[in-house]
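Shown next, in structure tokens, is the structure this report addresses.
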Amino acid sequence: MILITGARGQLGMAFQRLFQREKIECIATDKEELNITDEIVLRDFVKGKKISLLINCAAYNQVDKAEAERGECRKLNSEAPGKLAILAGKIGADYITYSTDFVFDGEKNSPYTEEDIPNPLSVYGRMKWEGEKAVFREKQDSFIIRTSWIFGKDGNNFIQKILEWAGTKQELFMIDDQISSLSYAEDLAYFSWKLFQTKQYGLYHFSNSGESSKYDQAKYILEKIHWKGRLHRAKREDFPQEAKRPKYSKLDSSKLEKAIGEKIPSWEDAICRFLEESL
Ligand SMILES: NC(=O)c1ccc[n+]([C@@H]2O[C@H](COP(=O)([O-])OP(=O)(O)OC[C@H]3O[C@@H](n4cnc5c(N)ncnc54)[C@H](OP(=O)(O)O)[C@@H]3O)[C@@H](O)[C@H]2O)c1
């Protein structure tokens with residue numbers, strides 16, 4: 001049996017849809033039922049259940065708020081992934097958890113590989129990196145997948161926001177000097193599942209192929225929906241934020257592609273499928 005934590009989030013929902021399609025049974029939980037920061041709750045929950053795979057989709061994802069809420073972010077992003085690794089080890093389950101491109105400082109100008117050394121600029125990035133180290137300390141045969149800019153059918157993501165703004169605004173300003181790549185939640189769930197089946201444990205990067213700024217993404221999607229307004233370029237300094245972000249953090253996903261022998265679709269293709277499936 002597969003256990004998903006944080007199952008009502010973007011990735012958790014995509015996993016639920018995937019398993020439903022594949023007719024694979026899973027137990028989907030979110031924080032009310034299974035708070036991943038509570039060791040006793042975790043231990044009691046798995047008692048008597050035959051869990052063979054634990055997929056942790058739960059996280060603290062409020063990158064700016066984390067600067068002030070360091071403790072909360074640490075509990076969820078650094079400590080809980082390690083506790084779940086211990087639990088998975090004890091019950092003999094495989095374990096998949098997720099990290100972020102924000103572990104990097106953005107000083108590189110070519111895609112980041114798993115060999116590149118993290119140097120996080122924010123509390124969120126630091127806590128995620130701590131979480132990665134805790135996981136491999138506790139259970140070496142785990143999967144950690146770093147990903148970036150997730151968007152999906154559920155949740156309040158950038159692509160959903162563009163569609164919302166397109167309905168209410170005539171003018172939009174989008175940042176063009178921060179580059180990474182989108183990760184479609186449906187693709188991330190699918191490729192994670194494929195990767196799991198290889199049993200080649202370790203650290204992997206996943207994002208849809210190609211790189212883009214928020215300006216590029218907005219332009220692409222607004223053209224697709226024939227928006228009549230005006231889109232302007234903006235810079236990061238036009239929208240000051242609490243947390244520092246890497247200016248370039250495209251993840252090189254070739255290790256994962258090689259492991260499963262399949263190419264990851266482009267971010268443009270992912271947006272097209274998202275629009276077809278959602279509108
Ligand atoms: N979103 C991105 O752009 C992005 C980028 C890089 C990496 N990642 C990583 O990718 C993974 C999946 O992200 P996502 O976008 O699917 O996240 P998400 O949509 O924010 O979902 C996270 C889920 O975890 C739940 N949760 C919060 N605290 C919990 C707790 N104590 N116990 C159990 N569940 C709890 C949340 O519930 P509430 O919503 O009710 O709090 C939410 O349903 C995460 O590890 C994330 O850090 C995401």
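For the stretch 1-42, enumerate the residues that are more than 9 Å from the ligand (Cβ to nearest atom), of a type in the set (Asp, Glu) and farther than 15 Å from Leu54 by Cβ.
Glu22
Considering only the stretch 219-255, state which residues are under 14 Å from Asp177 (Cβ atoms) and either free of Cβ contacts under 8 Å to residues at least 24 places away in the same chain or in contact with a helix residue (DSSP H, G or I) (Cβ under 6 Å, 6 or more places away or on another chain) (or both).
Arg233, Glu237, Pro240, Ser249
Identify the residue in the stretch 155-182 that is closer than 16 Å to Ser278 by Cα and in contact (Cβ under 8 Å) with a residue 12 or more places away in the chain and, among all such residues, is nearest to the ligand (Cβ to nearest atom).
Filtering the stretch 155-182 for residues closer than 16 Å to Ser278 by Cα gives 155-164, 166-167.
From what's left, in contact (Cβ under 8 Å) with a residue 12 or more places away in the chain: 155, 157-159, 162-163, 166.
Working: Gly155: 4, Asn157: 7, Phe158: 8, Ile159: 11, Ile162: 14, Leu163: 17, Ala166: 20 Å.
Step by step, filter the stretch 155-182, then rank; the result is Gly155.
Could you check how many residues of the stretch 117-173 are of a type in the set (Ser, Thr, Tyr) and closer than 30 Å to His226 by Cβ?
2
Residues checked against (1) out of contact with any helix residue (DSSP H, G or I) (no Cβ under 7 Å at 6 or more places or on another chain); (2) of a type outside the set (A, V, I, L, M, F, W, C):
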{"position": "Met1", "(1), (2)": "yes, no"}
{"position": "Glu22", "(1), (2)": "yes, yes"}
{"position": "Asn35", "(1), (2)": "no, yes"}
{"position": "Asp38", "(1), (2)": "yes, yes"}
{"position": "Leu42", "(1), (2)": "no, no"}
{"position": "Leu54", "(1), (2)": "no, no"}
{"position": "Lys65", "(1), (2)": "yes, yes"}
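Whether any residue in the stretch 191-205 is surrounded by fewer than 17 Cβ atoms within 10 Å (Cβ to Cβ), out of contact with any helix residue (DSSP H, G or I) (no Cβ under 9 Å at 6 or more places or on another chain) and aromatic (Phe, Trp, Tyr) is what I want to check.
No: the stretch 191-205 contains no residue that is surrounded by fewer than 17 Cβ atoms within 10 Å (Cβ to Cβ), out of contact with any helix residue (DSSP H, G or I) (no Cβ under 9 Å at 6 or more places or on another chain) and aromatic (Phe, Trp, Tyr).
Scanning the stretch 128-152 for residues that are assigned to a loop (DSSP other than H, G, I, E, B) and not polar (S, T, N, Q), which turns out nearest to the chain's Cα centre (by Cα)? Please lay out each step first, then the result.
The first filter runs over the stretch 128-152 and keeps only residues assigned to a loop (DSSP other than H, G, I, E, B), leaving 139-142, 148-149, 152.
Of the ones still in play, those that are also not polar (S, T, N, Q) are 139, 141, 149, 152.
Numbers: Lys139: 21, Asp141: 20, Trp149: 7, Gly152: 10 Å.
Filtering the stretch 128-152 for residues that are assigned to a loop (DSSP other than H, G, I, E, B) and not polar (S, T, N, Q), the one nearest to the chain's Cα centre (by Cα) comes out as Trp149.
Can you tell me which residues in the stretch 158-171 are crowded, with 19+ Cβ neighbours inside 10 Å and more than 16 Å from the chain's Cα centre (by Cα)?
Applying the first criterion (crowded, with 19+ Cβ neighbours inside 10 Å) to the stretch 158-171 yields 159, 162, 166.
Scanning the stretch 158-171 gives Ile162, Ala166.
What number of residues within the stretch 12-34 are under 19 Å from Ser78 (Cα atoms) and either surrounded by fewer than 19 Cβ atoms within 10 Å (Cβ to Cβ) or in contact with a Leu (Cβ under 6 Å, 6 or more places away or on another chain) (or both)?
Selection size over the stretch 12-34: 2.
So which of Asn109, Asn77 ends up being away from the ligand (no atom under 12 Å from the Cβ), of a type in the set (S, T, N, Q) and either crowded, with 20+ Cβ neighbours inside 10 Å or over 18 Å from the mean Cα position of the chain (by Cα) (or both)? Full working, then the answer.
On the way: Asn77 fails: away from the ligand (no atom under 12 Å from the Cβ).
Unique residue meeting the criteria: Asn109.
Pick from the stretch 122-152 the residues that are among the small types (Gly, Ala, Ser) and under 19 Å from Asn208 (Cβ atoms): which of them is surrounded by the fewest Cβ atoms within 10 Å (Cβ to Cβ)? Break it down into steps so the answer makes sense when it comes.
Restricting attention to the stretch 122-152, the residues satisfying the condition of being among the small types (Gly, Ala, Ser) are 122, 125, 131, 134, 142, 148, 152.
If we keep only those that are under 19 Å from Asn208 (Cβ atoms) too, we end up with 148, 152.
Details: Ser148: 22, Gly152: 25.
Here the residue is Ser148.
Give the residue, chosen from Lys244, Lys263, Lys224, Lys250, that is charged (D, E, K, R) and in contact with a Cys (Cβ under 8 Å, 6 or more places away or on another chain).
On the way: Lys244 fails: in contact with a Cys (Cβ under 8 Å, 6 or more places away or on another chain); Lys263 fails: in contact with a Cys (Cβ under 8 Å, 6 or more places away or on another chain); Lys250 fails: in contact with a Cys (Cβ under 8 Å, 6 or more places away or on another chain).
Just one listed residue meets the conditions, Lys224.
Only the coordinates and a few stated rules stand behind these numbers; no lab work does. Because the structure is predicted, anything quoted here is derived from the model rather than measured. Here Cβ is always computed from backbone atoms with ideal geometry, including for glycine, and neighbour counts include all displayed protein chains.
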